[in-house]
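Let me begin by presenting the structure, written as structure tokens, before commenting on it.
Every read-out reported here was derived from the displayed coordinates using simple, explicitly stated rules and does not represent laboratory data. Here the structure is a predicted model, which means the values were calculated and not measured. For neighbour counting, all protein chains shown are included, and Cβ atoms are generated from backbone atoms with ideal geometry for every residue, glycine included.
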Amino acid sequence: MAKITYIEHDGTEHVLDVKAGLTVMEGAVKNNVPGIDADCGGACACATCHVYVDAAWQDKTGEKSAMEESMLDFAENVEPNSRLSCQIKVSDALDGLVVRLPESQH
Amino acid sequence: MSSSDAHVVIIGAGHAGGTAAALLRQYGFAGPITLVGEEPIPPYQRPPLSKAWLKGEADADSLALKPLEFYAENNIDFRPNLKAVKLARSDKIVTLSDGATLTYDFLILATGARAIKLPVEGADLKGLLELRTAADAEALKATLGPGKRLAIVGGGYIGLEAAASARSLGAEAVVLERETRLLARVACETLSTFFQGRHEAHGVRFELGASVVGFEGRDGHVTGVKLADGRTIACDAALIGVGAAPNDEIAKDAGLDCARGIVVDLEARTSDPSIFAIGDVAHRPMPIYDRMFRMESVPNALEQAKQAASAITGRPAPAGETPWQWSDQYDLKLQIAGYAFDADEILLRGDPATGKFAIFHLKGDLVQSVEAINSPPEFMMGRQLIGARRPVNKAKLADTTVSMKEVAA
């Protein structure tokens, strides 16, 4: 279990306990957090679960795969700390993780 | 009517219906929502049923769109194991299969589509399977394993994904396709040839131009598929994946406009302003192609759920979308944007032999659709080009040394 804070673009915070093994995307979607669309359900096919990972957590969330890198390269409003949240697996090590959501996923 | 006392009834708890319920709450709708589903479980993702789930890489919990408690917590009355049998529009009453009636202010029909059955001898044998629901997938999985042989009738995406999963579980797979190539209705010849080669390399057998005339059985269980040329293909189970038909009967009976599905406008509204139709069952306008058609895809279900939820809550309609879909087979990720309507040219970017290429379908110098294999840039930029209706430089598009960003610049 990890406590994850999702911050919407308008500043609204959602602090959720997310089960280890789920992805950061699933934690948001299953709790109906607006702003993460995840159209493909986690297949790394759509780039609509884009988040910004807070600086302190970038190392712990792991490396981007080539596929993720490539999808992100063509998403909107991408920053160096952008990730596809379907590609970040939740573990106890991510307890306290903070991610910010972009204005739009499309 | 204020939205706080309106009652939204959603018939069909698939990807479209489940998403519409959740979005209504996200958009601040405060009235009661009743979500009626034919299956025993709350809405879940269907695409993994032929892929990750079938291979044992995803469990039932991970497929659920929302956990079961989500519905009660959000005042969504989820009613499983039920379907709508009658719609009385003048009274705004829908009757369910258990005899209960629901009075609605807004009705969302998300009844989906059903697998087409083959009207041939032996079609009632056990071991003849289809793949639309979690229960179907359970039944299919139970037949797969080393030493087992699965016959797959229909060389479309469902059939090919099932073939790939069957092989990874050690079962034999033979695909029987009526047309002379795979994916004949949905993809171009280059892609058909490519997929056939990849599947053959993984040990899948193909019988093309093979017309199924019946099924043979022993003790009520299928043992083989009979072809028009007289041969019988032995099997332990047969998966039928020959397309789907919309569940639009209730709408037709109630006098709603229907074509190849329930006719809706850009807000997903039917010919009755209180009734919406979304997902596989809807026959919907797609302005970038200047026509109406019916789509069977998750992105389509999500888009229309957004349209209906926006209309009901008085939000502006979502911006027009470019339809897309995907398929995973072995290590191949296929991403398709758009449809090849009216295309007059096929342009290949990259070399299929490398397993990384994209096929662009052009109408003049406009991109109508792109089929991208392991090529996210081509998919992502192609999708933008389709939506923007902006002419493209074909020489650059065909040249892989020119990046997709430069092509679109």
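State to the nearest 20 debye the size of the charge dipole of chain B about its Cα centre, where the only charges are +1 on K and R beta carbons and -1 on D and E beta carbons.
Working: 44 positive and 51 negative charges, 94 e Å.
Here chain B has a charge dipole of around 440 debye.
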Using the Karplus curve 6.51 cos²θ - 1.76 cosθ + 1.60 with θ = phi - 60°, work out ³J(HN,Hα) for each residue of region B:29-45 in order, rounded to whole Hz, and write x for Gly and Pro. 5, 10, x, x, 10, 10, 10, 9, x, 6, 8, x, 10, x, x, 9, 7
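Ignore the peptide's own chain and count Cβ atoms of other chains within 10 Å of each Cβ in A:31-38; give me the average, rounded.
Values: counts 4, 9, 1, 5, 1, 0, 4, 2.
Per residue, the number of nearby Cβ atoms from other chains is 3 on average.
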What is the set of long-range amide H partners of B:Ile108 at a cut-off below 5 Å, with H atoms built 1.01 Å from backbone N? B:Val9, B:Ile10, B:Ile11, B:Phe276
Neighbourhood net charge (9 Å Cβ-Cβ; Lys/Arg +1, Asp/Glu -1) for B:Glu130: +2
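If you wrap a convex hull around the C-alpha atoms of region B:209-259 and split its volume per residue, what is the figure in Å³? Provide the component values of the computation, followed by the final result.
Working: hull volume 6.4 nm³, N = 51.
Hull volume over Cα atoms, normalised by residue count, gives 126 Å³.
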With springs only between Cα atoms under 10 Å apart, run a GNM on chain B and tell me which of B:Thr143, B:Thr95, B:Thr354 wobbles the most. B:Thr354
Gain on full stretching of the segment that runs from B:Asp105 to B:Gln384 - 0.36 nm per residue minus C-alpha separation: 96.7 nm
Across all directions of projection, what mean area in square nanometres is found for the Cα convex hull of chain B? 21.0 nm²
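Using a Förster distance of 35 Å, how high is the FRET efficiency between B:Ala234 and B:Asp59, based on the Cβ-Cβ distance and rounded to 0.05?
On the way: r = 33 Å, r/R0 = 0.94.
That pair, B:Ala234 with B:Asp59, gives E of 0.60.
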Using only the alpha-carbon atoms of the protein assembly as shown, report the extent along each of the three principal axes, biggest first, to the nearest angstrom. 66, 63, 50
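Would you tell me the mean number of C-beta atoms belonging to other protein chains that fall within 10 Å of each C-beta in A:66-78, as a whole number? Please list the in-between numbers first.
On the way: counts 2, 3, 1, 1, 6, 5, 2, 7, 12, 1, 0, 0, 0.
Taking the mean over all residues of the peptide, I get 3.
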For region B:82-89, in order, what is each residue's ³J(HN,Hα) by Karplus, 6.51 cos²θ - 1.76 cosθ + 1.60 with θ = phi - 60°, in whole Hz (x at glycine and Pro)? 9, 9, 8, 10, 8, 10, 9, 5
Residues of region B:289-313 with backbone nitrogen within less than 17 Å of a virtual label 7 Å along the Cα-to-Cβ line of B:Leu266, please, listed as ranges. B:289-293, B:303-312
Please list the non-local residues whose amide H lies under 5 Å from the amide H of A:Asp39, H modeled 1.01 Å from N, same-chain partners needing a gap of 5 or more. A:Thr48
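Relative contact order, percent, of chain A when contacts are C-alpha pairs under 8 Å separated by at least 6 residues?
Working: 219 pairs, mean separation 45.7, N = 106.
Dividing the mean separation by the residue count of chain A yields 43 percent.
Over chain B, what is the relative contact order in percent, taking alpha-carbon pairs closer than 8 angstrom and at least six residues apart?
Working: 923 pairs, mean separation 54.7, N = 409.
That works out to 13 percent.
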With the crude spin-label approximation of a point 7 Å out along Cα→Cβ, what separation in nm comes out for B:Ala353 versus A:Asn77? 4.5 nm
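Can you check what the net charge comes to around A:Glu8, using other residues whose Cβ is under 14 Å from the Cβ of A:Glu8 (Lys, Arg +1; Asp, Glu -1)?
Numbers: positive: A:Arg100; negative: A:Asp10, A:Glu13, A:Asp37, A:Glu103.
Net of charged neighbours comes to -3.
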Hey, what do the phi angles of region B:260-269 turn into as Karplus ³J(HN,Hα) couplings, whole Hz, using 6.51/-1.76/1.60 and θ = phi - 60°, x for Gly and Pro? 8, x, 7, 6, 10, 9, 5, 9, 6, 8
What does the charge add up to near B:Gly355, with Lys and Arg as +1, Asp and Glu as -1, over the other residues with Cβ less than 13 Å from its Cβ? +1
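May I have the count of lysine pairs in region B:331-408 with C-alpha atoms under 20 Å apart, counting pairs 8 or more residues apart or located on different chains? Spell out each step's value before the answer.
Working: B:Lys333/B:Lys356; B:Lys356/B:Lys394; B:Lys356/B:Lys396; B:Lys356/B:Lys405; B:Lys363/B:Lys394; B:Lys363/B:Lys396; B:Lys394/B:Lys405; B:Lys396/B:Lys405.
Total qualifying Lys-Lys pairs in region B:331-408 comes to 8.
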Could you work out the mean count of beta carbons from other protein chains within 10 Å of each residue's beta carbon in B:370-378? 2
For region B:331-408, with the dipole built from +1 on Lys and Arg beta-carbon atoms and -1 on Asp and Glu ones, taken about the Cα centre, which of B:Ser375, B:Gly364, B:Gly387 lies farthest toward the positive end? B:Gly387
What is the Cα convex hull volume of region B:331-408 when expressed per residue in Å³? 77 Å³
Taking chain B as a Gaussian network, where each spring joins two C-alpha atoms under 10 Å apart, which residue of B:Ala163, B:Ala21, B:Ala201 fluctuates the most? B:Ala201
Averaging over every viewing direction, what projected area does the convex hull of the Cα atoms of region B:128-242 cover, in nm²? 6.8 nm²
In nm, to one decimal, how far is the modelled label at B:Tyr27 from the one at B:Ala88, with both set 7 Å along Cα→Cβ? 2.9 nm
Cα centroid of region A:50-97 to Cα centroid of region B:325-380, whole Å: 27 Å
Which residues qualify? For B:Ala244, with a placed amide H closer than 5 Å and at least 5 residues away or on another chain, they are B:Ile116
